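Undergrad: Starting off with a structure, shown below.
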Amino acid sequence: MKRLLALLPLVLLVLAAGPSLADERIHRYDAEITIRPDGSLYVAETIDVRAEGRQIRRGIFRDFPTVYRDALGNRVTVPFDVVAVTRDGQPEPWHTEGVTGGTRLYIGDAGTFLEPGKYSYRIEYTTDRQLGHFEAHDELYWNVTGNDWAFPIDAVEATVRLPADVARNDLRIDAYLGEAGSQGSEWTAEVTARDTVRFVSGRALDPYEGLTIAVGFPKGLVPEPSALERGQRLLVDNRGAIVGLIGLLFVIGWQAWAWNRVGRDPLPGAIYPRYEAPEGYSPGMLRYVLKFGYDKTATAAALVHMAVLGHVVLDKPKKRFVVRRGEGTPESKTEKALFEALFAGGDSLTFEQAEHARVGKAVKAHEKALRSRMETHYFRHNRRWWVPGLLIALVSVLLMTVLVRTPEPGLAPFLALFSILWNGFVGVVVAGIYKGWKEVTGLKILPMLILSVFMVPFVFAGLVILGVFGWQVGVLPMLVLLAHLALTLTFYQLMKAPTERGTRPPRCHPGPAAVPEHRRARGSRAPPRRRPARDDRGIRAPVALRHRARQCRDLGRALRGRHPPGRDRRLDQEPQLVQRLDDGWKAVQRRDPVEIPGRRPVQQHRRLRLPARLVVGRRWRGLLRRRRRRRRGRRLVETSIVGLA
């Protein structure tokens, strides 16, 4: 017992000395900030630390913020150059690495472990673009210690040296002590000379606390950057975005040239109103041309058409549609392919989940038949002209993201690729849901509503990914990426163009017999005749166009039954009028000289289009007024589907 009592003071001494021996801290942090006449800074930091081999084993590291955001959200990178690093007055090995928002300076040798004790590190470096230029004054706003130290700091001193003498009343002095965002006032400041301001902390700093100072001085001590210098800095800071913008211009140029070459619709021929489907064209084929591709409505139209002809029988005994084999086989090759695929496994087929394999094969067979029959004959996707623009966009986005500085190498390209793939997939699904909402009816609204709600988190995640990309690389590169996506998708749609065969219906004779009786008997008064105005350029081509318009007007009156047979001799010449009108349109497209009785031949202008006001008649005027819009085969379908409706 006596031995234990004798050892008790020694145990208490060891326990009391233990924490002090293991306590790693910064005893003194002294910074000297010199503002040079050109506006750059020369900084010398002296850091006295105590190492115990726990966190400080080979040396220390210091984080310097070098990446900021301007008022527009663009990334601004300031220069940071290390001049010298010493430990106890002797040169010390160092290296730098990029971290989030700046640069990390590692001090020490990887193969050398420090003995427990006190060490004094001195870091000398230069930096620029750290001064704020305001209307009435310039200002140095400087975080002396940073807020990333994991050790307590016993004392902090900061000395600011101005490039010239300044009166005390002209200085604006302020400081903040504590964690990031706090405005602690436990500090003192004094003007030790006309060009020197000294700051001292009033208490010890806890881990992750720091001292930030602000010194304002009159304008004129340092030169303010000119507009040219600011422009150069903007280009340097956003060189990745500049590369992306240049690539965007190349994409626009190529896609516009390719669209003008293969994507523009050919000039339309004469448009005749049709009240019956053209011979040899099924409703599914017309739907395929109308939509520039396949959809489920094309199969539905084909089934209904085959049911009308008696080849199949459609029934709905309970809740499912049933299709049964009827009499004969369809004459249309596309409907025949669908017919054979439907009844390949029996004489009837129920549209239910258990028969999804047979239904899927039938749909694919119909789609394949329509593609082989209609595509390239009536329209073209022109994807091989669109792909080079896509490749240019991908290369420019890749170069843009590589040139942007990020904390981790390759982070920007990864975020760009991931955002493109994610948002592309989500966009396709959302487009399908939107298309489904346009067609859904009845109780099927509930599944569509559930699917729409299910996709909301995915859409939100896509926006978050774009936000992260914009935060890492800047607002301007994010906008460039979105512009590339929008242009690429837009020109993918614009490249689709009908062929010359797909812009007008098959050649036929639309005589009065094709017009329903109720339309011929309507007997409304013809609209007033309008005189066409001459072309502003004074060319003589309008003379020829008036001759063509007169033929259109006469044919329109004849077809609408304005003049009963026997009262107008042009009715007897109707086939000749149709032929002359068709030949006239071909001459307009070829820009051939036009022969007019009593006038010499007139050469048509290459850029002239037939004005809609030259044709008298609401139907003709409305059709020709829309001549510059993308037709996508709608004229063929809209004039032919009336008879099927």
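Undergrad: I'm checking my understanding of the structure. Among residues of the range 29-41 that are in contact with a Phe, Trp or Tyr (Cβ under 8 Å, 6 or more places away or on another chain) and surrounded by fewer than 19 Cβ atoms within 10 Å (Cβ to Cβ), which one is nearest to T86 (Cα to Cα)?
TA: T34
Undergrad: L451: without any contact (Cβ under 8 Å) to a residue 24 or more places away in the chain and exposed (fewer than 13 other Cβ atoms within 10 Å of the Cβ), yes or no? I'd like the intermediate steps shown before the answer.
TA: Values: without any contact (Cβ under 8 Å) to a residue 24 or more places away in the chain: yes; exposed (fewer than 13 other Cβ atoms within 10 Å of the Cβ): no.
In short, no.
Undergrad: So G39 fits all but one of (1) closer than 30 Å to A204 by Cβ; (2) assigned to a loop (DSSP other than H, G, I, E, B); what number is the exception?
TA: For G39, the exception is condition (1).
Undergrad: Just checking, how many residues over the range 52-69 are touching an Asp or Glu at 6+ places or on another chain (Cβ under 8 Å) and among the β-branched types (V, I, T)?
TA: Within the range 52-69, residues that are touching an Asp or Glu at 6+ places or on another chain (Cβ under 8 Å) and among the β-branched types (V, I, T) number 1.
Undergrad: So if I check each of D154, D170, which one is in contact with a strand residue (DSSP E or B) (Cβ under 6 Å, 6 or more places away or on another chain) and more than 25 Å from I47 (Cβ to Cβ)?
TA: After applying the criteria, what remains is D170.
Undergrad: Please enumerate the residues belonging to the range 99-134 that are over 21 Å from A44 (Cα atoms) and surrounded by 15 or more Cβ atoms within 10 Å (Cβ to Cβ).
TA: V99, L114
Undergrad: Which ranges mark the strands (runs of 3 or more DSSP E) fully within the range 42-127 that have 1 or more residues being closer than 23 Å to P152 by Cβ and touching a Phe, Trp or Tyr at 6+ places or on another chain (Cβ under 9 Å)? Break it down stepwise before answering.
TA: On the way: elements: 59-65, 67-69, 75-77, 80-87, 94-99, 102-108, 117-127.
The strands (runs of 3 or more DSSP E) meeting that bar are 59-65, 80-87, 102-108, 117-127.
Undergrad: Looking at the range 192-215 only, could you name the residues that are over 14 Å from W142 (Cα atoms), polar (S, T, N, Q) and buried (at least 17 other Cβ atoms within 10 Å of the Cβ)?
TA: Within the range 192-215, S201 is the sole residue that qualifies.
Undergrad: Name every residue in the range 106-137 that is modelled with pLDDT under 90 and β-branched (V, I, T), in order of residue number.
TA: Selection gives T112 alone.
Undergrad: Pick out the one residue from I56, I47, I26 that is surrounded by 14 or more Cβ atoms within 10 Å (Cβ to Cβ), modelled with pLDDT under 90 and over 30 Å from D237 (Cβ atoms). Reasoning before the result, please.
TA: On the way: I47 fails: modelled with pLDDT under 90; I26 fails: modelled with pLDDT under 90.
Exactly one residue qualifies, and that residue is I56.
Undergrad: Which ones in the range 409-428 are open to solvent by 40 Å² or more (accessible area, probe 1.4 Å) and either aliphatic (A, V, I, L, M) or in contact with a helix residue (DSSP H, G or I) (Cβ under 9 Å, 6 or more places away or on another chain) (or both)? Even if it seems obvious, please write down each step before you answer.
TA: Of the residues in the range 409-428, the ones open to solvent by 40 Å² or more (accessible area, probe 1.4 Å) are 409-411, 414, 417-418, 420-423, 425, 428.
Answer for the range 409-428, where residues must be open to solvent by 40 Å² or more (accessible area, probe 1.4 Å) and either aliphatic (A, V, I, L, M) or in contact with a helix residue (DSSP H, G or I) (Cβ under 9 Å, 6 or more places away or on another chain) (or both): G410, L411, F414, L417, F418, I420, L421, W422, N423, F425, V428.
Undergrad: Kindly indicate whether any position in the range 434-454 is under 20 Å from the mean Cα position of the chain (by Cα) and hydrophobic (A, V, I, L, M, F, W, C).
TA: First pass over the range 434-454, keeping only residues under 20 Å from the mean Cα position of the chain (by Cα): 434.
Pick out the ones that are also hydrophobic (A, V, I, L, M, F, W, C) and you get none.
No, because not a single residue in the range 434-454 is under 20 Å from the mean Cα position of the chain (by Cα) and hydrophobic (A, V, I, L, M, F, W, C).
Undergrad: Take the range 429-448 and flag every residue that is surrounded by 14 or more Cβ atoms within 10 Å (Cβ to Cβ) and under 23 Å from G462 (Cβ atoms).
TA: To start, the set of residues in the range 429-448 that are surrounded by 14 or more Cβ atoms within 10 Å (Cβ to Cβ) comprises 429-430, 433, 436, 440, 448.
Residues satisfying the conditions are V429, V430, I433, G436, M448.
Undergrad: Within the bounds of the range 481-488, is there any residue that is of a type in the set (V, I, T), part of a helix (DSSP H, G or I), under 15 Å from the mean Cα position of the chain (by Cα) and surrounded by 17 or more Cβ atoms within 10 Å (Cβ to Cβ)?
TA: Step one: list which residues in the range 481-488 are of a type in the set (V, I, T), which gives 488.
Applying the additional criterion that residues be part of a helix (DSSP H, G or I) yields 488.
Subsequent filtering for residues that are under 15 Å from the mean Cα position of the chain (by Cα) retains 488.
Next, from what is left, pick out any that are surrounded by 17 or more Cβ atoms within 10 Å (Cβ to Cβ): 488.
Yes: the range 481-488 contains one or more residues that are of a type in the set (V, I, T), part of a helix (DSSP H, G or I), under 15 Å from the mean Cα position of the chain (by Cα) and surrounded by 17 or more Cβ atoms within 10 Å (Cβ to Cβ).
Undergrad: Moving on to the next point. Name, by its number, the condition in (1) part of a helix (DSSP H, G or I); (2) open to solvent by less than 80 Å² (accessible area, probe 1.4 Å); (3) modelled with pLDDT under 85 that does not hold for P273.
TA: (1)
Results for (1) out of contact with any helix residue (DSSP H, G or I) (no Cβ under 9 Å at 6 or more places or on another chain); (2) among the aromatic types (F, W, Y); (3) surrounded by fewer than 16 Cβ atoms within 10 Å (Cβ to Cβ); (4) more than 20 Å from P163 (Cβ to Cβ), shown as yes or no for each residue.
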site	(1), (2), (3), (4)
S185	yes, no, yes, yes
A189	yes, no, no, no
F217	no, yes, no, no
Q232	yes, no, yes, yes
G240	no, no, no, yes
W254	no, yes, no, yes
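Undergrad: Moving to a separate point now. Starting from residues that are of a type in the set (S, T, N, Q) and farther than 17 Å from V395 by Cα, keep the ones in the range 463-505 and report whichever is modelled with the highest pLDDT. Break it down stepwise before answering.
TA: So the first thing to find is which residues in the range 463-505 are of a type in the set (S, T, N, Q), and the list is 472, 488, 490, 493, 499, 503.
After this cut, where a residue has to be farther than 17 Å from V395 by Cα as well, the list is 472, 490, 493, 499, 503.
Details: Q472: 78, T490: 88, Q493: 83, T499: 74, T503: 61.
If we take residues in the range 463-505 being of a type in the set (S, T, N, Q) and farther than 17 Å from V395 by Cα, then T490 is modelled with the highest pLDDT.
Undergrad: Restricting to the range 142-175, name every residue that is part of a strand (DSSP E or B), within 18 Å of Q130 (Cα to Cα) and open to solvent by less than 80 Å² (accessible area, probe 1.4 Å).
TA: Residues of the range 142-175 part of a strand (DSSP E or B): 142-143, 153, 156-161, 172-175.
Retained after the next criterion (residues that are within 18 Å of Q130 (Cα to Cα)): 142-143, 158-161, 172-175.
Correct list: W142, N143, A158, T159, V160, I173, D174, A175.
Undergrad: Does F418 fit the bill of being of a type outside the set (V, I, T), in a helix (DSSP H, G or I), under 27 Å from L403 (Cα atoms) and touching a residue at least 12 places away in the same chain (Cβ under 8 Å)? Talk me through it step by step, then tell me what you get.
TA: Values: of a type outside the set (V, I, T): yes; in a helix (DSSP H, G or I): yes; under 27 Å from L403 (Cα atoms): yes; touching a residue at least 12 places away in the same chain (Cβ under 8 Å): yes.
Against the criterion (of a type outside the set (V, I, T), in a helix (DSSP H, G or I), under 27 Å from L403 (Cα atoms) and touching a residue at least 12 places away in the same chain (Cβ under 8 Å)), F418 qualifies.
The values are calculated or read from the model by the stated rules, or taken from the named source; none is laboratory data. Since this is a predicted model, take the numbers as computed values, not measurements. Neighbour counts run over all protein chains shown; Cβ positions are idealised from the backbone, glycine included. Note: accessible area is taken over every heavy atom of the protein model, side chains too, but ligands, DNA and RNA are not part of it. Shrake-Rupley method; radii C 1.70, N 1.55, O 1.52, S 1.80 Å.
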